[in-house]
1. Do you know which of the residues in the range A:29-53 that are within 11 Å of ligand 1 (Cβ to nearest atom) and touching a strand residue (DSSP E or B) at 6+ places or on another chain (Cβ under 9 Å) is nearest to A:SER8 (Cα to Cα)?
2. If you go through the range A:29-42 one residue at a time, do you hit one that is more than 15 Å from B:SER56 (Cβ to Cβ) and at the interface with another protein chain (Cβ under 7 Å from one of its Cβ atoms)?
3. With (1) within 10 Å of chain A (Cβ to nearest Cβ); (2) farther than 25 Å from A:TRP195 by Cα; (3) under 13 Å from the mean Cα position of the chain (by Cα) as the list, and B:SER29 as the residue in question, which single condition is left unmet?
4. Restricting the range A:89-132 to residues that are in a strand (DSSP E or B) and within 16 Å of ligand 2 (Cβ to nearest atom), which is nearest to the chain's Cα centre (by Cα)?
5. Is it true that some residue in the range A:76-83 is of a type in the set (Ser, Thr, Tyr), under 22 Å from A:ASP207 (Cβ atoms) and more than 14 Å from ligand 1 (Cβ to nearest atom)?
6. May I ask you to list the residues in the range B:76-89 that are touching a Lys or Arg at 6+ places or on another chain (Cβ under 9 Å) and either on the phi < 0 side of the Ramachandran plot or facing chain A (nearest Cβ under 7 Å) (or both)?
7. Is there any pair linking a residue in the range A:296-314 that is among the aliphatic types (A, V, I, L, M) to one that is surrounded by fewer than 13 Cβ atoms within 10 Å (Cβ to Cβ), with Cβ under 9 Å and at least six apart or on different chains, and which?
8. Is at least one residue of the range A:2-24 within 12 Å of another protein chain (Cβ to nearest Cβ), modelled with pLDDT under 95 and under 23 Å from B:ILE43 (Cα atoms)?
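The values are calculated or read from the model by the stated rules, or taken from the named source; none is laboratory data. Since the structure is predicted, the reported quantities are computational estimates derived from the model, not experimental observations. Neighbour counts are summed over all protein chains in view; Cβ atoms, including those assigned to glycine, are modelled from backbone coordinates with ideal geometry.
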Amino acid sequence: MANLKELSKRPDGFSPGHRLCAGCGIPIIPKLLYKVTDYDIVVASATGCFEVATTIYPYTSWLKPFVHSAFENAAATISGVEAMYQSLKKQGKIPANRKLKFVAFGGDGGTYDIGLQSLSGALERGHDIVYICYDNGAYMNTGIQRSSATPYGASTTTSPAGKVIPGKMQRRKDLTNIALAHHIEYAAQTAVSHWNDLATKLQKGLDIDGPAFICVMSPCVPGWMYPSDQSIEVTRMAVETGYWPLFEMDHGVFRVNYRPKQKLPVADWLKLQGRFRHLFRPEYTYVIEEIQRQVDDYWEYLAHMEQAFPAPPK
Amino acid sequence: MFKLKNWKEVPIGGAVDQPGSAMENKTGSWRVERPVWNSEKCIHCLRCWVYCPDMSVNTLDGKITGINYDYCKGCGICAQVCPEKVKAITMQPEQ
Ligand SMILES: Cc1ncc(C[n+]2csc(CCOP(=O)(O)OP(=O)(O)O)c2C)c(N)n1
Ligand code: SF4
Ligand code: SF4
């Protein structure tokens, strides 16, 4: 990966003036996306904060081609664009050496939930696309409703912590592993707090011919409830406590890309955010213990995956 | 603010034919606190540049040159990610 100095000198693909909240983590992804590659990229985005806040008519933050999509079908939209490109190339209407890349964005609601079917279809059909899910752990744009990516124990407007439940009582779906069950060459989980890991994975996803899937943890100020200057720190702590491991499946090799030197207790991440504030009441200690158990359990699973899909001997 | 197109002028599909037109929207007006960058303390590690969500840390030839107050929303991330030993950016109340 190029260093930051080199990246900063490369052309921009995404402009300021967008209406995402102050401190929103999402823009870091498109900023880097256009910097890591020389390919021309066509983007489609499912509705959600990202699409809504960057394309308020007649304004757009996109400096490169961008296609709107409904909530549930960004993967189908980008599949169609990619298929048209392949066809026009065959017909000789686009020069054979004109290399384009196709990227779809969706939030976790638009990807884990309502867009899962179109994503699965696109991955199975084998389009040359990169699907990027920015995972802020809820339907943020419509006012913080729980999704299947919302962490266990998080309070949202549809899983409100109170006398009856201590927040959401279901475990987060492991979408990256669902994606890689489509036998695709590249699937990865990363976070906006680790720019080098993020940039490297974006580049790998773009470089392969065929479908790639990348799930990026992206912090949300109103949804997670923390001061806006803490966006990167809160996300970094999700990685340092092991809640959000950085891993990839790359051409049949499974790798955990970062191992915290000293895995901090998950409570250190939870306590930074208002959506988990209720868990620190004495009666809900068991919920924090359960989240820690889930984290430890998941790291064991990752270890099995590394053993099952090792790097080939040199 | 540029002129809105009438129905005869709007491209097919409602396409927007001015890439980056969002730059007409000066989000700097959202700011409550402003980041103040100290050129003498800065070591040009570019962490603020990479993590700013509003592309508001200006660079030239791989070096920081200042903050773009037209768009900076004052989130404070740049000041937070500046290395502990450097702290070249401080947040100050907007007048
Ligand atoms: C079919 C359909 N149902 C509901 C909506 C309303 N809607 C717009 S954005 C959104 C939430 C998107 O959530 P997510 O995908 O997690 O992205 P985020 O808002 O968090 O960026 C919803 C429910 C819609 N646009 N289309
Ligand atoms: S609600 Fe959250 S995800 Fe949406 S723009 Fe604001 S910070 Fe970003
Ligand atoms: S305060 Fe926020 S928007 Fe302004 S320059 Fe710093 S990181 Fe960018």
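1. A:PHE50
2. no
3. Evaluating B:SER29 over (1) within 10 Å of chain A (Cβ to nearest Cβ); (2) farther than 25 Å from A:TRP195 by Cα; (3) under 13 Å from the mean Cα position of the chain (by Cα) leaves (1) as the failure.
4. Here is the first cut: in the range A:89-132, the ones in a strand (DSSP E or B) are A:100-107, A:129-132.
Of the ones still in play, those that are also within 16 Å of ligand 2 (Cβ to nearest atom) are A:105-107, A:132.
Details: A:PHE105: 9, A:GLY106: 8, A:GLY107: 8, A:ILE132: 6 Å.
For the range A:89-132, the residue satisfying everything is A:ILE132.
5. Within the range A:76-83, the subset of a type in the set (Ser, Thr, Tyr) is A:77, A:79.
So of that shortlist, the ones also under 22 Å from A:ASP207 (Cβ atoms) come out as A:79.
From the residues that got through so far, the ones that are more than 14 Å from ligand 1 (Cβ to nearest atom) too are A:79.
Checked against the condition, which is being of a type in the set (Ser, Thr, Tyr), under 22 Å from A:ASP207 (Cβ atoms) and more than 14 Å from ligand 1 (Cβ to nearest atom), the range A:76-83 yields at least one hit.
6. B:CYS78, B:ALA79, B:VAL81, B:CYS82, B:PRO83, B:VAL86, B:ALA88, B:ILE89
7. Taking only residues 6 or more apart or on different chains, the pairs are A:ALA311/A:VAL253.
8. The answer is yes, given that some residue of the range A:2-24 is within 12 Å of another protein chain (Cβ to nearest Cβ), modelled with pLDDT under 95 and under 23 Å from B:ILE43 (Cα atoms).
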